[in-house]
Amino acid sequence: MARNSYAIFGLGSFGSKLALELSRAGNTVLVCDLNPQRVDDLKDKVTQAVIADVSNEEAVKELNVSKFDAVILSMSSYFEKQVLALTLLKQEGVRRVLAKANTNIQEKILYRLGADEVIQPEQDVAFRLSRRLSLSNIADMFDFKGSAIAEVIVPGHLGGRTLKELDLRNKHQVTVLLLRKPGSTEERPTGPATLIERGDMLTVFGNQQSIIELFKED
C-alpha cells in the first residue's frame, strides 16, 4: 500500500533522484517535465510520468494537483517558470509545496510567494560536510524539529561507563539510541546497563549544541 502521494515538477538530477527514492519507498509518484527523454526515462519507475508545461494554468488544472500530499518544484534553473508554477499550485489549493532554490535570493522569493519549504541541496550538503570535517568525532548530524540526530564517536572522557552512570538524558538532554562497535556493521539498541567504550559509534538524539560539546575530541 502506498504511503503518500507526491508530484515532482522538473526532472533534473535532483528531481529524478527524488522521484526514484520516493517511488522505491512505496509512495505514489507523478513526475512531470517538458523534456520527453527525461519523462521517458522514469515512466516505468514511477506511478505516472507526464510531458507538460506546469507554468501553464490549464496543464496544472488537468493534473489535479490538489490530490497530492505534496508537490515538489525542482525547476530552479528555469526560475520564472518555477515562480509561475508555484503561484498556480497555491491557487489550486495544494496542501504543501516544496521548492528547490539555487540561491538565497531565490529562496526568499519562493517563501514570499507561499512555498511551504525551500531546499538548497548544494548548500545543505556543503554545510553538513563542513560540520563533519570540523568536528571529527561527529560522523554526521541532521536537524530534526529543533533538535538533532547524530552519529558520534565516543571520546575518552565518556568511555568505560554505563549509560546509567553517564545519565546523558538528564544532564545534557541527549538520548543514546543505537550503538555500533568498531569494525562491526551491527547496530544494537541501548539501555541503562549498556557500557560504552572509547571509539564506539553511537546514534544519538537531542540538543545540537549539547551533542557537539559532549562528543568533541579530548
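Things worth noting here:
- Every pair of residues 6+ apart whose Cβ atoms lie under 6 Å, when the first sits in the stretch 44-65 and is within 15 Å of Tyr6 (Cα to Cα) while the second is of a type in the set (Ser, Thr, Tyr) and assigned to a strand (DSSP E or B): Thr47/Thr28
- Counting only residues that are assigned to a helix (DSSP H, G or I) and of a type in the set (Asp, Glu), the stretch 116-128 holds 2 of them.
- Here the strands (runs of 3 or more DSSP E) wholly within the stretch 1-115 that include at least 2 residues being of a type in the set (Phe, Trp, Tyr) are 5-9.
- Qualifying positions in the stretch 21-40 - more than 13 Å from Met75 (Cα to Cα) and surrounded by fewer than 16 Cβ atoms within 10 Å (Cβ to Cβ): Glu21, Arg24, Ala25, Gly26, Pro36, Gln37, Asp40
- When we screen Gly146, Gly206 for residues that are surrounded by fewer than 17 Cβ atoms within 10 Å (Cβ to Cβ) and among the small types (Gly, Ala, Ser), the only hit is Gly146.
- Annotation note: Cβ proximity below 7 Å between a residue of the stretch 95-114 that is exposed (fewer than 14 other Cβ atoms within 10 Å of the Cβ) and a residue that is not in a loop (DSSP other than H, G, I, E, B) (sequence gap 6+ or interchain) occurs for Arg95/Ala70.
- Of the criteria (1) surrounded by fewer than 20 Cβ atoms within 10 Å (Cβ to Cβ); (2) of a type outside the set (Ser, Thr, Tyr); (3) more than 21 Å from the chain's Cα centre (by Cα), which one Val54 fails: (1)
- Flag for Thr47 being assigned by TED's automatic domain parsing to the domain that holds Gly12, over 21 Å from Ala115 (Cβ atoms) and either surrounded by 14 or more Cβ atoms within 10 Å (Cβ to Cβ) or acidic (Asp, Glu) (or both): yes
- If the condition is being farther than 13 Å from Phe68 by Cα and buried (at least 17 other Cβ atoms within 10 Å of the Cβ), then the stretch 1-11 contributes Gly10, Leu11.
The values are calculated or read from the model by the stated rules, or taken from the named source; none is laboratory data. From a predicted model like this one, the values you see are computed outputs, not experimental measurements. With ideal geometry, Cβ positions are generated from the backbone for all residues, glycine too; neighbour counts draw on all protein chains shown.
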